[in-house]
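These notes are about the structure you will find just below.
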Amino acid sequence: MSEEKPPPPPATPAPGGQEKPRETPRKLEAADASGHPWVESLRSGVPDSVVSAKEFARQVTVVVKREKIAEVARHLKEKEAFRYCVDVTAVDWKKREPRFDVVYHFYSFSKNDRIRVKCGVADGGEVPSIAPVFLAADWSERETFDMFGIRFTGHPDLRRILTWEGFHGYPLRKDFPVEGIDTGAAVYPEEWPEGLGPSPDDPNRKVVS
Amino acid sequence: MTEEKPLTLEERGKAEDAVRKGLEHPEVPTLFDVQEMELNFGPQHPSTHGVLRLVLKVDGEKILEAKPDVGYLHRGTEKLFETETYPMGIPHTDRMDYVAAATNNHAFCLTIEKLLGVEIPRRAQLIRVMLDELQRLASHLVWLGTSGIDLGAVTPFWYAFREREQILDFFEEYCGARLTLNCMRIGGLPFDLTPGWVERVAEFVDDLPARIDDYEQLLTDNRIWKKRTVGIGVISGEECIERGLTGPILRGSGIEWDLRRAQPYECYEELDFAIPTRVNGDTYDRYIVRVQEMRQSARILRQCVEKLQPGEIRGKVPRVIKPPAEEVYASIESPKGELGFYCVSNGTNRPYRMHCRPPSFINLQALPRLAKGHLISDLVALIGTIDIVLGEVDR
């Protein structure tokens, strides 16, 4: 249907149309949100928990201490009505100390708003699980463990979920190769029990590149 | 092995009675042990809609425990997002929920637009809403057809896929693809509509309520359908929230929550539509909610057709997209529930971290709870009612 060409859009919007004059995109900037009522509530409800708080694009992010995260989650759920745990994930900052950020999103039906809570955790460190507080966090925490190797203490069933049992490595870490690793070890654990696969000079070693 | 002597008729009767009553009968040898059995359900089972494996612990037909085992379709989509520039991530989203690619594109673009602070032209907003709603219809039609087939209702499948075919034709006409659409861009849309597209959609939409009546005539008051779905997998609204369930499951349990209304994106706030809810929270109610949602989608499409005016389809987006080094979360109401993306930018042209909050993954979490105590044949109904797409569960 090459002869059918879409008509060029008219240069000016049709009169009576609801086209609003568009504003030029303004640069969004993060603002300090330590005075936000939720942050204040957290400060008084869970003492010594809040590290910092900021607001960007009308989204509040609170950084809290790692060991307080379960209490913070409970406080948000019970006192601030954030009853729905949307998501748990992590970010690998590679060279930063602590290396990972565990990121939680909560939603409140009564406030119709979200809050993002973060806590830093070092490589090999452990984070208190919020799965006993929010059932919804169960699989998300398992996924975070599977992808980043962050352990959640108190989680009822912390196993790998997307990769398989015996998989070696944590795929979403920045140092994990995008093209993948040789997974022979996981397929034949009886032959290579270390989970490392055949040694580099083994003729069975398959190089994935 | 001890030698077994043949049982007399009387002993046999006693043993059978004992088993039937579930009594311990030490003197009489039982004919068969009633015991728990582990059963693999999937990954190559037609009713699992993909590659879902369930490890069932069953007592006869009754499910004592169901453990989902996912990840067979894991492709590392989130890793791939990190390796490519922002616009290059859009085609990857098509392959997550592959029966609803437009909504995935939409959620992805919306996140980055939020990060950039870009306004979308009105025409682009309306076309996006139209694509979303067509996709919702297509997704619900796939659900209707396949979950009907799972429960033995073969006829609705043919009707549902007939209409879905028309929707896929609309997509094909718009962007060339039928399944993996890649039909949105950061800041707007790739193409304007082809001539006559809107009229054809309007014609289809006007026809749709009568066709939905047809499906309902086959199922809604069908005695077999009701026997298979009423009272199966009951979950309360409170528990839905506790377990993070969203979409038709939440609305089927009496909670009127839809992101299109709660946190409107694009131009949903000026469109008139109802949020169908039911109170019982069983498989039948979720069926009703989805069918009613299809009617509402038709309503929304009709309004969009009337509101559509000529205009631009792309906002002011820089050629190279380099958002500020910030983080943002945006979500939309996909056919399955809340589909969100969490993007962390470090100021370069690639996302530092792009995380997807897939509704199917979170909703599937509730399957062990829903399946407990039901029969294996009901499990098939429950997998259908959660409406999972394994591409999205595993990513």
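The values are calculated or read from the model by the stated rules, or taken from the named source; none is laboratory data. Keep in mind it's a predicted model, so treat the numbers as computed, not measured. Here the Cβ is made from the backbone with ideal geometry for all residues, glycine too, and neighbour counts use every protein chain on show.
Can you name the residue in region A:126-156 that is aromatic (F, W, Y) and more than 14 Å from A:V72 (Cβ to Cβ) and is also nearest to the other protein chains (Cβ to nearest Cβ) among such residues?
Initial filter on region A:126-156 (aromatic (F, W, Y)): A:134, A:139, A:145, A:148, A:152.
With more than 14 Å from A:V72 (Cβ to Cβ) added as a condition, the list becomes A:139, A:145, A:148, A:152.
Numbers: A:W139: 5, A:F145: 13, A:F148: 11, A:F152: 15 Å.
In this case the residue turns out to be A:W139.
Could you tell me whether any residue of region B:159-181 is over 30 Å from B:V118 (Cβ atoms), within 14 Å of chain A (Cβ to nearest Cβ), free of Cβ contacts under 8 Å to residues at least 12 places away in the same chain and more than 21 Å from the chain's Cα centre (by Cα)?
So in region B:159-181, the residues over 30 Å from B:V118 (Cβ atoms) come out as B:159-166, B:169.
So of that shortlist, the ones also within 14 Å of chain A (Cβ to nearest Cβ) come out as B:169.
Among the residues that remain, those that are also free of Cβ contacts under 8 Å to residues at least 12 places away in the same chain are: B:169.
Subsequent filtering for residues that are more than 21 Å from the chain's Cα centre (by Cα) retains B:169.
So far as region B:159-181 goes, yes, one or more of its residues are over 30 Å from B:V118 (Cβ atoms), within 14 Å of chain A (Cβ to nearest Cβ), free of Cβ contacts under 8 Å to residues at least 12 places away in the same chain and more than 21 Å from the chain's Cα centre (by Cα).
Among the residues of region B:173-191, which ones are aliphatic (A, V, I, L, M) and either buried (at least 18 other Cβ atoms within 10 Å of the Cβ) or over 20 Å from B:Y98 (Cβ atoms) (or both)?
Residues satisfying the conditions are B:L181, B:M184, B:I186, B:L189.
Out of (1) modelled with pLDDT under 85; (2) touching a strand residue (DSSP E or B) at 6+ places or on another chain (Cβ under 8 Å), what's the single condition that is false for A:A81?
Against the list (1) modelled with pLDDT under 85; (2) touching a strand residue (DSSP E or B) at 6+ places or on another chain (Cβ under 8 Å), A:A81 comes up short only on (1).
In region B:225-243, which residue that is assigned to a helix (DSSP H, G or I) and within 14 Å of another protein chain (Cβ to nearest Cβ) is surrounded by the fewest Cβ atoms within 10 Å (Cβ to Cβ)?
As a first pass, look at region B:225-243 and keep what is assigned to a helix (DSSP H, G or I): B:225-229, B:237-242.
Within this subset, residues satisfying the condition of being within 14 Å of another protein chain (Cβ to nearest Cβ) are B:237-242.
Working: B:G237: 20, B:E238: 12, B:E239: 15, B:C240: 25, B:I241: 22, B:E242: 19.
Residue satisfying both the conditions and the ranking: B:E238.
Quick one: which of B:L52, B:L64 is touching a residue at least 60 places away in the same chain (Cβ under 8 Å), away from chain A (no Cβ under 14 Å) and more than 26 Å from B:R185 (Cα to Cα)?
Numbers: B:L52 fails: away from chain A (no Cβ under 14 Å).
The match here is B:L64.
I'm told B:I362 meets every condition in (1) part of a helix (DSSP H, G or I); (2) more than 9 Å from chain A (Cβ to nearest Cβ); (3) aliphatic (A, V, I, L, M) except one. Can you identify the failing condition by its number?
With (1) part of a helix (DSSP H, G or I); (2) more than 9 Å from chain A (Cβ to nearest Cβ); (3) aliphatic (A, V, I, L, M) applied to B:I362, the lone miss is (2).
This table checks each residue for (1) touching a Gly at 6+ places or on another chain (Cβ under 9 Å); (2) within 11 Å of chain B (Cβ to nearest Cβ); (3) part of a helix (DSSP H, G or I); (4) surrounded by fewer than 19 Cβ atoms within 10 Å (Cβ to Cβ).
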| site | (1), (2), (3), (4) |
| --- | --- |
| A:L42 | no, no, yes, no |
| A:S52 | no, no, no, yes |
| A:T61 | no, yes, no, no |
| A:E67 | no, no, yes, yes |
| A:A70 | yes, no, yes, no |
| A:E97 | yes, no, no, yes |
| A:F106 | no, yes, no, no |
| A:G120 | no, no, no, no |
| A:G124 | yes, no, no, yes |
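Identify, from the list B:R251, B:R295, the residue that is surrounded by fewer than 19 Cβ atoms within 10 Å (Cβ to Cβ), modelled with pLDDT of 90 or more and either in the same structural domain as B:G187 (by TED's automatic domain parsing) or not basic (K, R) (or both).
Details: B:R251 fails: surrounded by fewer than 19 Cβ atoms within 10 Å (Cβ to Cβ).
Answer to the check: B:R295.
Quick one: which of B:E306, B:E326 is within 13 Å of another protein chain (Cβ to nearest Cβ), more than 22 Å from A:A136 (Cα to Cα), surrounded by fewer than 19 Cβ atoms within 10 Å (Cβ to Cβ) and not small (G, A, S)?
Numbers: B:E326 fails: surrounded by fewer than 19 Cβ atoms within 10 Å (Cβ to Cβ).
None of the other options fit; the residue is B:E306.
Condition check: under 23 Å from B:P351 (Cα atoms), of a type outside the set (S, T, Y) and free of Cβ contacts under 8 Å to residues at least 60 places away in the same chain. Does A:R74 satisfy that? Write out each step before concluding.
Details: under 23 Å from B:P351 (Cα atoms): no; of a type outside the set (S, T, Y): yes; free of Cβ contacts under 8 Å to residues at least 60 places away in the same chain: yes.
In short, no.
Please work out which residue is farthest from B:C109 (Cα to Cα), limiting yourself to region B:74-86 and to residues that are more than 9 Å from chain A (Cβ to nearest Cβ) and not in a helix (DSSP H, G or I).
Applying the first criterion (more than 9 Å from chain A (Cβ to nearest Cβ)) to region B:74-86 yields B:75, B:77, B:81, B:84-86.
Then drop every residue that is not not in a helix (DSSP H, G or I), which leaves B:75, B:84-86.
Values: B:R75: 21, B:E84: 15, B:T85: 13, B:Y86: 9 Å.
Per the stated criteria, the residue is B:R75.
Check B:A381 against each of (1) aliphatic (A, V, I, L, M); (2) buried (at least 23 other Cβ atoms within 10 Å of the Cβ); (3) within 11 Å of another protein chain (Cβ to nearest Cβ) and name the one condition it does not meet.
Going through the list (1) aliphatic (A, V, I, L, M); (2) buried (at least 23 other Cβ atoms within 10 Å of the Cβ); (3) within 11 Å of another protein chain (Cβ to nearest Cβ), B:A381 breaks only (3).
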